[in-house]
Amino acid sequence: MDHSILPTSAPTLPSVSNAATPASPPSSPSFLLRVSVFLVLAAFSLWANFESSKGFEIAVLNAASDTHAARRFHLLFVSNGRAARLVLSSSDFVERVLYPDDSFPRKPVGRVTLYMATLDLNETVLVSRGHRPGEFVVRMSQAVMGETDAQVSVASAVQRGMARVWLWDGQGRAPRSLLDAMVDYLTVSSGLVSPRMRRNDDSAALNADLCWAEQDRLCVARMNRAMQEEWNENKLEDACGQPSESCARFSYSSFETV
């Protein structure tokens with residue numbers, strides 16, 4: 001009798017499921033944490049780049065008084081960061097004029113504090129040294145907020161303040177009239193002439209640009225470089241050559257060391 005060569009029953013194979021096991025979704029708290037960390041690091045990187053680009057710290061303080069001028073200054077310039085941006089743009093312009101290349105040693109500036117004085121000052125803006133080397137305080141008179149165009153008035157005051165911050169002063173011995181003339185030039189040449197300056201026909205600021213324009217434009221930068229060292233009366237002529245008659249009247253007539 002022939003016997004079948006086929007097995008009486010096929011071996012049982014393990015069943016294989018074709019359905020893939022779905023991956024478990026990421027935990028929502030863990031995902032949000034990673035996103036938060038990324039955003040924080042990105043914000044810190046942007047802040048670090050911003051700080052390094054401007055080269056010095058900026059502090060804009062609210063006025064201590066609760067006057068109308070102080071409230072307007074806070075609303076128009078402090079709350080929206082405009083005041084800090086004015087400091088940066090003004091500083092950039094002054095630096096490009098005073099330090100055109102590496103042969104002009106830069107004045108160390110590490111921190112600038114800008115705020116509005118509690119009262120009207122005799123001048124639009126006053127600059128003083130801070131508690132530490134490289135720190136400067138720029139105080140603006142409340143009168144700048146009383147001008148018809150406060151935007152221009154404040155911008156002009158900040159420009160004057162930053163010009164004075166970056167100017168060397170002959171180790172404290174340079175004539176005040178010379179420093180004022182250089183501040184006037186830097187302000188007028190930037191295009192920021194306040195309404196108050198325009199109303200004054202005898203304003204030194206309006207004459208400064210005409211005076212310095214007759215000289216080599218690098219005269220201001222060379223003069224500033226010369227004032228890094230102790231002041232003497234020959235520095236202006238050494239830096240700029242023989243001054244014109246109008247500049248001589250403008251710069252030499254009121255030289256008084258203050």
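Annotations
- With DNA, RNA and ligands ignored, accessible area of Ser30 (1.4 Å probe; Å², nearest 10): 50
- Calculated on C-alpha atoms, the gyration radius of the stretch 80-189 divided by its Kirkwood radius gives an Rg/Rh of 0.95.
- Rounded FRET efficiency, nearest 0.05, which uses the C-beta distance separating His131 from Glu230 and R0 of 25 Å: 0.55
- Extension reserve of the Glu123-Leu61 stretch, reckoned as 0.36 nm per residue once the Cα distance is removed: 20.4 nm
The values are calculated or read from the model by the stated rules, or taken from the named source; none is laboratory data. Worth saying up front: this structure is predicted, and the values here are computed from it rather than measured. Glycine gets a Cβ as well: all are built from the backbone with ideal geometry, and neighbour counts include every protein chain shown. For accessibility, only protein heavy atoms count, side chains too; no ligands or nucleic acids. Shrake-Rupley method; radii C 1.70, N 1.55, O 1.52, S 1.80 Å.
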